[in-house]
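Following: one structure in C-alpha cells, then a few remarks.
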2 protein chains.
Amino acid sequence: GRGSITLVGAGPGDPELLTLKAVRMLQAADVVLYDDLVAPAVLDLARREAKKTLVGKSGYKPSCKQDDINALMVTLARQGKRVVRLKGGDPMVFGRAGEEIAAARAAGLSIEVVPGISAAQGAASRMAVSLTHRDHARRLQFVTAHARDGKLPVDLDWTALADKAATTVVYMPQRTWGELAGKAMEAGLDPHTPALAIFSATRPEEYRVAATVATLKDKLDAAVADKFRGS
Amino acid sequence: GRGSITLVGAGPGDPELLTLKAVRMLQAADVVLYDDLVAPAVLDLARREAKKTLVGKSGYKPSCKQDDINALMVTLARQGKRVVRLKGGDPMVFGRAGEEIAAARAAGLSIEVVPGISAAQGAASRMAVSLTHRDHARRLQFVTAHARDGKLPVDLDWTALADKAATTVVYMPQRTWGELAGKAMEAGLDPHTPALAIFSATRPEEYRVAATVATLKDKLDAAVADKFRGS
C-alpha cells in the first residue's frame, strides 16, 4: 500500500478533547511518532497494533533533532506505512508543523493535517473565562517565549504586548517569563493586569497560579519550589 | 433531575472536527440551542430526542438578541433540562461565551465549556499552512472586524496589525475588510503581504481567494459577484 503522513493535534491533555478525525487517524495508523508533550491517555486512543515511538522533542531541550524526526517520518511513509505524527495542542500553533510539512513535500509525499485544541483553548474552557470578552479584549494574541536558541525571542512586538485591549497567551514561558513581563511593562503594559499561569491544562494534575503581570514571577517561583520540594 | 448548561464548540463545519467531549455532550442533551453558524452536519450528531432550536444570532445582523438567548438558556436549565448551547468554532474565541457564562452565573447555575476548533485552525489545516512558521511568524493574532455596532472596531491596535513578524487572522471581515486593510497599510503593513480569504472553511463548499493585503478586496468583490451572480 501507499504510505501517508498525517500531522495530528493531540490537544492539551484530556483525551476527550481530541477531534473525531484525530481518533480516526490514530485508529488507522501503522506508526505513531509522538512528542513528550502528548498525554499518555491520548496515546491509548491509537490502534493497538500501531508502533508508538517517542521522538522526544521537548520545546525546552536545546537539541531539537527536528531533522531526524523529518527523516524518520519520510522513510517510514516511503516504506508504505501510515504515519501519524502526533503533536501536543494544535500542530499549526507553535507546533513546528511548517518544517514537517516542508519535509514531506520535499520528499514528494502528500501530507494531511488534523487540527487540535490548543492549550490556551483548553485552559480557557476549564476556567470558563472567554479569551475575547467583548468588553475587555478586542484582540487575542499568542506568542512563544522560546526562540530557536531557547532564549526569549528578540524581535517580539513589545507595544503589541502592552496593549490593554488584548488577551495575550504566552506559550513555553518557563525560562523567560520574568524577562518577557519586564519588557512588556517597560513598553507600557499595566503591571496590575491580571496574569494566570496554568500547568498541565485539562489534565488531572492541572494547577494554576493567579497573580498580576508584576507579581506572577515571584508567585510562580514560590509555587514551583513548593510543588517540587524534595523531588 | 438538575438542569445544566454546557457551551459547546461546534468547530468550523466539518463534523469530524468536533471533539469527543462535544459529541458526548450533544448525545446527552435535552435541548440544543444553536447558532446559524453551526453546520447542519454537526447538528446530526446531537441526540435524536433532543429539541433543536435555532437561536439565529448571526454576527452580521444588527439585532443580536443576546439577552433573549441568555434568558431562554437559564429558563430551560431551571426546568431541569440539560441545555447545550452550540456555537460555531470555539465559544471562547469571538463566540460571546463571556456573556452567556455571566448570565448562567448570575442565575446561580453552573456552566461548563467544551472548546472547539476555531475557523482559523480549520482553514490552516486544510491548506497545510502553519499559522506560526518559525521563520515568518513570532506572533499569531486574532481580531474581529465587527464591533457591537456592526462597524470596524475603532480601537484596534493598528501598529500590532502592521507587524510583519505576525500572522493575523481577521474574523467576520465581510463588511469592513477594505477599511481594515487600508488602516493597517497606513500603519505600515507591507501591501505585498500575502492575504487569503476563506469561506466555509472545512465544509464541502469551502472556497478561497488568494491575493495580497492590497489586492484582496478587489479580488473578493469580483469572486463574490461571480459566485452569487443571479442568486
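A few points about this structure:
- Contact map, region B:34-46: residues that are under 14 Å from B:Arg203 (Cβ atoms) paired with residues that are part of a strand (DSSP E or B) and among the aromatic types (Phe, Trp, Tyr), Cβ distance under 7 Å, separation 6+ or inter-chain. Pairs shown: B:Leu43/B:Tyr34.
- Among all residues of region B:194-213, there is none that is in a loop (DSSP other than H, G, I, E, B), among the charged types (D, E, K, R), within 17 Å of A:Arg138 (Cα to Cα) and within 21 Å of the chain's Cα centre (by Cα).
- Some residue of region B:82-98 being at positive phi and not small (Gly, Ala, Ser): yes
- Of the residues A:Val38, A:Val8, A:Val23, the single one that is of a type in the set (Val, Ile, Thr) and surrounded by fewer than 20 Cβ atoms within 10 Å (Cβ to Cβ) is A:Val23.
- Taken as a whole, the structure leaves A:Ile5 outside the set of residues that are at pLDDT below 95, outside any loop (DSSP other than H, G, I, E, B), touching a Leu at 6+ places or on another chain (Cβ under 8 Å) and not basic (Lys, Arg).
- Checklist (1) part of a loop (DSSP other than H, G, I, E, B); (2) in contact (Cβ under 8 Å) with a residue 24 or more places away in the chain applied to A:Gly108, failing item: (2)
- Residues (surrounded by fewer than 18 Cβ atoms within 10 Å (Cβ to Cβ), of a type in the set (A, V, I, L, M) and away from chain A (no Cβ under 14 Å)) located in region B:41-54: B:Leu43, B:Leu54
- Within region A:104-156, the residues that satisfy the criterion of being hydroxyl-bearing (Ser, Thr, Tyr) and over 30 Å from A:Gln79 (Cβ atoms) are A:Ser118, A:Ser125, A:Ser130, A:Thr132, A:Thr144.
- Test: residue in region B:55-63 that is within 14 Å of another protein chain (Cβ to nearest Cβ) and either touching a Leu at 6+ places or on another chain (Cβ under 6 Å) or touching a residue at least 60 places away in the same chain (Cβ under 8 Å) (or both): yes
- Each residue in region B:155-167 was checked for being in contact with a Leu (Cβ under 6 Å, 6 or more places away or on another chain) and either more than 10 Å from chain A (Cβ to nearest Cβ) or part of a helix (DSSP H, G or I) (or both), and 1 pass.
- One residue stands out in region B:132-149 among those that are within 30 Å of A:Lys87 (Cβ to Cβ) and over 17 Å from the mean Cα position of the chain (by Cα): the one that is surrounded by the fewest Cβ atoms within 10 Å (Cβ to Cβ), namely B:Asp135.
- Only one of the listed residues (B:Leu196, B:Leu152, B:Leu189) is of a type in the set (A, V, I, L, M), within 24 Å of A:His133 (Cβ to Cβ) and either more than 7 Å from every other protein chain (Cβ to nearest Cβ) or surrounded by fewer than 21 Cβ atoms within 10 Å (Cβ to Cβ) (or both). That residue is B:Leu152.
- Residue list for region A:147-190, filter: under 14 Å from B:Leu140 (Cα atoms), aliphatic (A, V, I, L, M) and touching a residue at least 24 places away in the same chain (Cβ under 8 Å): A:Leu156, A:Leu161, A:Ala166, A:Val169, A:Val170
- Matching entry among A:Val84, A:Val170, A:Val113 (being surrounded by 24 or more Cβ atoms within 10 Å (Cβ to Cβ), more than 8 Å from chain B (Cβ to nearest Cβ), modelled with pLDDT of 95 or more and outside any loop (DSSP other than H, G, I, E, B)): A:Val84
- Criterion applied to B:Glu100, B:Glu49 was being over 30 Å from A:Ile111 (Cα atoms), in contact (Cβ under 8 Å) with a residue 40 or more places away in the chain and among the acidic types (Asp, Glu), and the one residue passing it is B:Glu100.
- The listed residue being in contact with a strand residue (DSSP E or B) (Cβ under 6 Å, 6 or more places away or on another chain), in the same structural domain as B:His146 (by TED's automatic domain parsing) and at pLDDT 95 or above, out of B:Ala211, B:Ala181: B:Ala211
- Residue match in region A:96-105 (condition: farther than 26 Å from B:Gly95 by Cα, of a type in the set (Lys, Arg) and more than 10 Å from chain B (Cβ to nearest Cβ)): no
- Close contacts from region A:119-138, counting a first residue that is closer than 10 Å to B:Ala97 by Cβ and facing another protein chain (nearest Cβ under 8 Å) and a second that is polar (S, T, N, Q) and surrounded by 24 or more Cβ atoms within 10 Å (Cβ to Cβ), with Cβ to Cβ under 7 Å and a gap of 6+ residues or different chains, come to A:Ala124/A:Ser130.
- Look at (1) under 23 Å from A:Leu17 (Cβ atoms); (2) more than 10 Å from every other protein chain (Cβ to nearest Cβ) and you find that A:Ala145 fails only one, number (1).
The values are calculated or read from the model by the stated rules, or taken from the named source; none is laboratory data. Keep in mind it's a predicted model, so treat the numbers as computed, not measured. Every residue, glycine as well, gets a Cβ built from its backbone with ideal geometry; the counts of neighbours run over all protein chains shown.
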